[in-house]
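Worksheet: one structure, shown below.
The values are calculated or read from the model by the stated rules, or taken from the named source; none is laboratory data. As the structure is a prediction and not an experimental result, all values here were calculated from the model. Ideal geometry is used to build each Cβ from the backbone, glycine not excepted, and the neighbour counts take in all protein chains shown. For accessibility, only protein heavy atoms count, side chains too; no ligands or nucleic acids. Shrake-Rupley method; radii C 1.70, N 1.55, O 1.52, S 1.80 Å.
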Amino acid sequence: MVSVTIKNLTKKYGETVAVKDLNLEIKDQEFFILLGPSGCGKTTTLLCIAGLLKPDEGEVWLGNELVSSSGRDMHVTPQKREVAMMFQDYAIYPHMTVFKNIAFPLEVRGKDKREIVERVTTTAKLLGISQLLDRKPKQLSGGQRQRVALGRAIVRKPRVFLLDEPLANLDAKLRVKTRTELKELQRKLGVTTVYVTHDQVEAMTMADRIIVQRDGVTEQIGTPDELYNRPANLFVAGFIGSPEMNFTDCTLIKDGKKLWLDAKEFKIPVPAEIVPKLESYVGEDVIMGIRPEDLYEREFVKEGTQKNAFRMTVDIIEHVGPYLLLYLRKGRLSLVARVKHTKAGVGQEASIEMDLSKIHLFDKKTTKAIL
Ligand SMILES: Nc1ncnc2c1ncn2[C@@H]1O[C@H](COP(=O)(O)OP(=O)(O)O)[C@@H](O)[C@H]1O
Ligand SMILES: [Mg+2]
């Protein structure tokens with residue numbers, strides 16, 4: 001088990017820069033997730049760690065061992081890296097039993113029979129598939145097949161797991177269940193894991209830390225909590241969270257000592273504690289963000305806690321089990337609020353309050369977070 005360090009890694013395919021100047025320090029035993037929309041360079045990053053691709057620039061380290069370096073023109077082969085990789089389209093051999101499938105990487109490496117039996121048995125037990133060892137893949141469900149593929153990766157006791165969208169082929173319910181199991185398994189095995197997904201919910205629920213990538217560029221690295229509560233820029237703020245954060249253009253205006261965020265449809269006072277940070281933006285256009293769960297209907301807010309209601313029309317009410325989504329409109333402004341109850345009906349007006357301690361502000365030019 002080792003840490004994984006990536007220094008100034010760039011990888012191109014012809015003109016396409018798939019990964020640009022990536023820097024990462026993944027800790028030993030960490031569950032680290034590469035997150036971003038399709039085509040942002042996640043798989044390319046993973047293949048560079050595995051050694052299946054050679055970076056154009058930069059270095060890859062496994063613990064203290066330098067495994068790729070453009071400067072020294074060195075590149076350790078995938079076989080010698082002792083990492084296991086599992087792809088979305090994992091292939092398990094249809095003519096082999098489950099036992100044989102899991103044993104395969106050990107047989108290739110010439111391990112002796114007794115060790116193979118012992119390791120395969122332990123692995124199968126860990127994955128809860130002991131009773132399936134004599135079956136062929138076609139006698140398995142999708143979830144069971146996925147586990148066999150995972151077993152084949154685990155059985156080698158690799159130093160690092162590299163998993164590329166491993167749950168993508170499972171149905172929604174099984175995906176949620178497997179998410180938890182995989183996380184538990186990783187903790188039990190204590191193997192450093194680099195996991196690729198485009199699904200922000202998957203990333204948020206499983207990761208110790210996440211990197212958000214876009215077009216080969218790093219947008220932010222942090223814990224799920226940091227990404228959610230302190231997004232570094234507009235892209236991360238919009239990418240993480242569902243339904244996504246509400247955004248609206250505002251102007252910062254000064255009135256005596258007070259600052260106001262003026263969105264035309266409403267005007268809200270800037271909380272005193274953040275005024276100093278915003279002085280330099282007076283008169284400027286900024287983008288304000290507020291998450292749906294930080295909007296409330298006034299009737300359900302405790303007296304005396306807030307004083308910033310503005311009236312909006314309820315366009316749609318969506319019932320999502322534990323909560324309701326209110327699609328609100330006023331002039332050009334549309335907001336989504338996530339609430340527990342509502343007194344308003346579709347087409348009616350509601351008094352909406354905003355938790356001012358939860359607003360996010362972004363520089364309109366750079367899209368970087370101001371707060
Ligand atoms: N073998 C390839 N040849 C040319 N371009 C590629 C190749 N593989 C990936 N790319 C391009 O590199 C970029 C990053 O791809 P990839 O790492 O697969 O992204 P992700 O896994 O995040 O979807 C994309 O623009 C993709 O089209
Ligand atoms: Mg990919």
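A 1.4 Å probe run over the protein chains yields, for region 4-239, 47 Å² of accessible area per residue, whole-number rounding.
Rounded to the nearest percent, how much of the accessible area of the chain (1.4 Å probe, protein heavy atoms only) is carbon and sulfur? Reported share for carbon and sulfur atoms: 50 percent. Kirkwood analysis of region 120-217, using all unique Cα-Cα pairs, places the hydrodynamic radius at 14.5 Å. Equivalent-ellipsoid semi-axes for region 197-285 (Cα gyration tensor, √(5λ), whole Å, largest first): 31, 13, 12. With Cα atoms defining each centre, region 181-219 and region 312-338 are spaced 31 Å apart in the structure.
Accessible area per residue for region 253-371, computed on protein heavy atoms with a 1.4 Å probe, is 56 Å². Farthest toward the positive end of the dipole of the chain, out of 45, 168, 198, is the Cα of 168, where the dipole comes from beta carbon charges about the Cα centre. Distance between the modelled labels on residue 111 and residue 343, one decimal in nanometres: 6.6 nm (7 Å Cα→Cβ projection). Taking only the Cα atoms of the chain, the ratio Rg/Rh comes out at 1.07, with Rh defined as the Kirkwood radius. Among 311, 114, 135, the order of accessible area from largest down is 114, 311, 135, computed with a 1.4 Å probe on protein heavy atoms. Shape annotation for region 56-188: C-alpha extents along the principal axes are 50, 39, 28 Å, from largest to smallest. Each Lys and Arg adds +1 at its Cβ and each Asp and Glu adds -1 at its Cβ; summed about the Cα centre, the chain shows a dipole of about 1200 debye. Put simply, region 246-363 fits an ellipsoid with semi-axes of 27, 14, 12 Å; these come from the alpha carbon gyration tensor as the roots of five times its eigenvalues, largest first. With point charges of +1 on the Cβ of Lys and Arg and -1 on the Cβ of Asp and Glu, referenced to the Cα centre of region 4-239, which listed residue (85, 24, 231) lies farthest in the positive direction of the dipole? Most positive-ward Cα: 85. Computed about the Cα centre, the dipole magnitude for region 246-363 is approximately 240 debye when only Lys and Arg (+1) and Asp and Glu (-1) carry charge, each at its Cβ.
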